Amino acid sequence: MSSALPVGVFDSGIGGLTVLAALQQRLPHERFLYLGDTARLPYGTKTAATVGRYAQQAVQALVNRGVKAVVVACNTAAAAALPALAAGNPGVPLLGVIEPGAAAAVAATRSGRIAVLATEGTVRGGAYQQAIHRLLPTAKVSALPATLFVALAEEGWTDNEVAQAAARRYLQPLFARPEAIPDVLVLGCTHFPPLAGAIRAAVGDGVCIVDSAITTAQALAGLLGARGLDAGRTGGDCRFLVTDGAERFARVGPVFLGRVIPPDAIERIDL
């Protein structure tokens, strides 16, 4: 497999651009091909079987385009389908965001109390809870669904009064008992980092907020290096695939990616 091939990055929509931003910062010489399944989001309220089917189709589309590895940036898809995706694509290294996020949370906690803020599907599947307990069996893990955050992020409503009110409503019950307050909060959905300001205001300064994007980028760098697939010093670039709403993707995407997305870099595809 050629090291010059792109790395595929898959998400249910726009949120995975937060992971892509971290990947590009850590690996500026790599080429990336990002696929957002914008026609079928959100994944977080769908059954595991449906999410697994959608994820298989998305990963297959990236594999068909000749990627050298795939980052499953969607927490819900990683929770529901990562083992099946790996088994179905044995020749392509796959990396999810849950294990790196769990490792970062365990490294950061001092009290052993960790909270995970995620979608319904990720919370229901228990993947973060299991990953954290594998690393720290004594951890006390609270998992909280915050589905509305996905819609707020997709609308670009990340730091207004609506976002702040939603953050308070979701998080205040979790922090109501001083003896049970977590010292680490994992953002278990790629849509949530743009709402970090509102989340921080709701939880205060004493809680470490973990975004798995940075640790996922470190894990990808290690994976590519170990397999001799890193691009070396070649110039990096990025192309984008979406299943619907290319114009909206170009308009809202910069909130997550942190830079302008040229419309001519976006291609609409069917899965």
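What to note about this one:
- Residues that are under 17 Å from the mean Cα position of the chain (by Cα), of a type in the set (G, A, S) and within 20 Å of V123 (Cα to Cα) within the stretch 49-83 comprise G52, A55, A73, A77, A78, A79, A80, A81, listed in sequence order.
- Residue match in the stretch 147-157 (condition: over 17 Å from the mean Cα position of the chain (by Cα), surrounded by 15 or more Cβ atoms within 10 Å (Cβ to Cβ) and aromatic (F, W, Y)): yes
- The lone exception for V260 - which of (1) surrounded by fewer than 17 Cβ atoms within 10 Å (Cβ to Cβ); (2) assigned to a helix (DSSP H, G or I); (3) touching a helix residue (DSSP H, G or I) at 6+ places or on another chain (Cβ under 7 Å); (4) free of Cβ contacts under 8 Å to residues at least 24 places away in the same chain it fails: (2)
- One residue stands out in the stretch 218-234 among those that are in contact with a strand residue (DSSP E or B) (Cβ under 9 Å, 6 or more places away or on another chain) and not charged (D, E, K, R): the one that is surrounded by the fewest Cβ atoms within 10 Å (Cβ to Cβ), namely T234.
- Helices (runs of 4 or more DSSP H) contained in the stretch 103-206 and holding at least 3 residues modelled with pLDDT of 95 or more and within 22 Å of A81 (Cβ to Cβ): 127-135
- Of all the criteria given as (1) out of contact with any Gly (no Cβ under 6 Å at 6 or more places or on another chain); (2) under 20 Å from I132 (Cα atoms); (3) not in a loop (DSSP other than H, G, I, E, B), the one not satisfied by L82 is (1).
- Applying a threshold of 9 Å to beta carbon distances and a minimum spacing of six or more residues, or different chains, the list of pairs starting in the stretch 219-245 at a residue that is of a type in the set (F, W, Y) and ending at one that is part of a loop (DSSP other than H, G, I, E, B) reads F240/I261.
- Among the conditions (1) assigned by TED's automatic domain parsing to the domain that holds P145; (2) under 26 Å from P93 (Cα atoms); (3) of a type in the set (D, E), the only one that D237 does not satisfy is (1).
- Only one entry in A250, A221 is of a type in the set (G, A, S), under 20 Å from K68 (Cβ atoms) and in contact with a helix residue (DSSP H, G or I) (Cβ under 8 Å, 6 or more places away or on another chain), namely A221.
- Answer from V59, V51, V67, V72 - the residue that is touching a residue at least 40 places away in the same chain (Cβ under 8 Å), out of contact with any Gly (no Cβ under 7 Å at 6 or more places or on another chain), of a type outside the set (F, W, Y) and outside the structural domain of R200 (by TED's automatic domain parsing): V59
- Note on the stretch 4-26: among residues that are touching a helix residue (DSSP H, G or I) at 6+ places or on another chain (Cβ under 8 Å) and surrounded by fewer than 20 Cβ atoms within 10 Å (Cβ to Cβ), the one that is nearest to E247 (Cα to Cα) is A21.
- Condition met for A250 (buried (at least 16 other Cβ atoms within 10 Å of the Cβ), free of Cβ contacts under 8 Å to residues at least 24 places away in the same chain and not in a loop (DSSP other than H, G, I, E, B)): yes
- Verdict on T45 being more than 16 Å from D270 (Cβ to Cβ) and part of a helix (DSSP H, G or I): no
- Residues satisfying the criterion are absent from the stretch 91-103 (criterion: out of contact with any helix residue (DSSP H, G or I) (no Cβ under 9 Å at 6 or more places or on another chain), over 14 Å from L187 (Cβ atoms) and free of Cβ contacts under 8 Å to residues at least 40 places away in the same chain).
- Filtered residue count, the stretch 100-125, keeping only those that are surrounded by fewer than 20 Cβ atoms within 10 Å (Cβ to Cβ) and either over 17 Å from P182 (Cβ atoms) or assigned by TED's automatic domain parsing to the domain that holds L23 (or both): 2
- Any hit, the stretch 134-144, residues being basic (K, R) and free of Cβ contacts under 8 Å to residues at least 12 places away in the same chain: no
The values are calculated or read from the model by the stated rules, or taken from the named source; none is laboratory data. All values derive from a computational prediction rather than experimental measurement. Glycine gets a Cβ as well: all are built from the backbone with ideal geometry, and neighbour counts include every protein chain shown.
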